Amino acid sequence: MYQEKKRLPVGVENFRQIIKDNYYYVDKTELISELLHNGGMVNLFTRPRRFGKTLNMSMLEHFFSIEGDQSIFDGLAIAKDRKLCEEYMGKFPVIFLSLKGINAGSYETAFRLAVETVKGAAKKAKFLKTSDKLDDDEKDDYRALLDKDMDEATLFLSLKTLSELLEKHYGTQVIILIDEYDVPLAKAFENGYYEQMVFLVRNLLEQALKTNNSLKLAVMTGCMRISKESIFTRLNNFTTFTITDVDFDEYFGFTDQEVRDLLAYYEYSSKYESIKEWYDGYCFGNVEVYCPWDVVSYLRSLRTDKESTPQNYWVNTSGNAEVKEFIRQSKNATTKREIERLMAGEVITKTIRSELTYKDMYDSIENIWSVLFTTGYLTQAGQVGSRIYKLRIPNLEIRDIFKTQIMEYFKETVAKDGDTLGRFCDALKNGEEKQVEDVFESYLKKTISIRDTFVKKTMKENFYHGILLGILGIKEEWGVFSNQETGEGYSDILIETENGEMAILIEVKYANDGNLDQACERALKQVEDRKYDQELLENGVDKILKYGIACYKKQCKVRLADA
């Protein structure tokens, strides 16, 4: 008998909704047990975006909350620990605050958003207005937390005040959960009010987490571990669990077995290898994990179209500013070679600074290595010494992001160098093969090479094909067509000049053995054998130039076919 499958929780971050509305849930509830046995009073988990931080925080909220529905944990791993459940489940007032919505172009707007965020948390406790456990002054303190014109001092004290009121009402200490604590700092840095936001966040956290006798336990999540000097100055009750720590390593992201179980349930086990290549490869502590967002997004795509191929889902959730800045700053030859090695699937050894302020992030290329590691664009492949790690690109999805940014930056630099572009296009049009060769090789030496060994493709010319398209795409007066994109019977690249009276055919070959002359001959022979010019001739194109371009690493050879 057919049984309908559970729904796929793409973008669903509310734990109760996932359980109650029949979504597939990868059980991470043992995090609760480990947190209570091994965690500190104030705990910070840093993980890249899209690794289930918010869902885990929602899980903690529903587990601890006096207002929670305890039945949603029936049958889950944590329910087996009856003693712990009896002691902690549904026993505490919980304040859950997500700071991810504090995204503004000015401090004034960000402050208002922070006020609204605190108001939202306070509104969940409207019973405090009429609580017989609070006196009139305390009820006035609660009403102040609902005031849209809340002043700075009230905001700084808000979480502490709310926790004191909740403790008095319930007679028990409070759990505080703060999700995405560093998003307001990132947005403030981008928009020029970083110092003001540091001051706000520091005061809010210090009042809530250090000088708060009503606090039982606190958990925070974020992407970056911001330096103690700027945010956590006086928090001495504070424990951080980063992507290098073994503690809690399997609770953010899907493990290999969890992915196998997921695929088996939806009957897509045949897609395991491609999912592993595209979305696996992150190493947290001692565990290798997949990005949950990507795996679930691709499965949803498969359920619509069984022939669907893996896509880059991460790129749609981020501006990838870290990679953009990294590519822009990689001007010296050493860094370019290191990126080329990463793109070829190799590892690079670097010292990682786990604590950076946003102001420090892009101060040096060495700092950016640390940022890429922290945010998931690179992952560890082993530790060499204290703070020294072997780094690699985790999977094909992230490699695709690097590749895209490398090509985008290349196009930007080409567009700025109009003289060189003009010389290249004039030489192509005039049949000056040596000039074409010299200018193209100069481009190759300036850009970062992308070798396809990582992807295990035989077509090494893809990179060089992309570089040519990147150059020619800037020449707005020309029509430039790629055979890879159109699938038509033309050479790799077809160019129609301004007046349409001339066409240029380019066939690119990679010289695996370094023999550029021979590769050029193969390229030109293919153009002739497959009669790439036939349709052009039939359409009345008067002049057709046919180029064979051979490449090997950063060398090239250009040959023009005889007229």
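Couple of notes before you dig in:
- The chain: proportion of alpha-carbon pairs further apart than 38 angstrom, %: 43
- Cα-Cα separations in the stretch 154-228 greater than 21 Å, expressed as whole percent: 31
- Cβ-Cβ FRET estimate between Gln526 and Asp21, R0 fixed at 56 Å, reported to 0.05: 0.50
- Label-point gap, in nm, between Asn332 and Val10 - each point 7 angstrom along Cα→Cβ: 4.4
- Solvent-accessible area per residue for the chain (1.4 angstrom probe, square angstrom): 45
- In order along the stretch 439-450, the Karplus-derived 3J(HN,Hα) couplings, from 6.51 cos²θ - 1.76 cosθ + 1.60 at θ = phi - 60°, round to 5, 4, 5, 5, 5, 4, 6, 8, 9, 8, 6, 10 Hz, and Gly and Pro are given as x.
- Listed by chain and number, the lysines whose alpha-carbon sits under 18 Å from that of Lys475, ignoring those within fewer than 8 places in the same chain, are Lys411, Lys416, Lys429.
- Leu36-Thr154 FRET efficiency (beta carbon distance; Förster radius 35 Å; 0.05 resolution): 0.60
- Within the accessible area of the chain (1.4 Å probe), percent carbon and sulfur: 44
- Largest-first principal axis extents of the Cα set of the stretch 221-318 (Å): 54, 27, 18
- Computed on the stretch 217-371, with alpha-carbon pairs under 8 angstrom and 6+ residues apart, the relative contact order is 23 percent.
- A full extension of the chain between Asn499 and Arg143 corresponds to an added length of 120.8 nm, given 0.36 nm per residue minus the alpha carbon distance.
- Long-range amide H partners of Leu378 with built H, under 5 Å: Phe373
- For the pair Lys129 and Gln311, a Förster radius of 51 Å applied to the C-beta separation gives a FRET efficiency near 0.55, rounded to the nearest 0.05.
- A convex hull fitted around the alpha carbon atoms of the stretch 1-109 yields 154 Å³ per residue.
The values are calculated or read from the model by the stated rules, or taken from the named source; none is laboratory data. Since we're looking at a predicted model, the values are computed, not measured. With ideal geometry, Cβ positions are generated from the backbone for all residues, glycine too; neighbour counts draw on all protein chains shown. Each accessible area value is taken on the protein alone, full model and side chains, heavy atoms only, with ligands, DNA and RNA left out. Shrake-Rupley method; radii C 1.70, N 1.55, O 1.52, S 1.80 Å.
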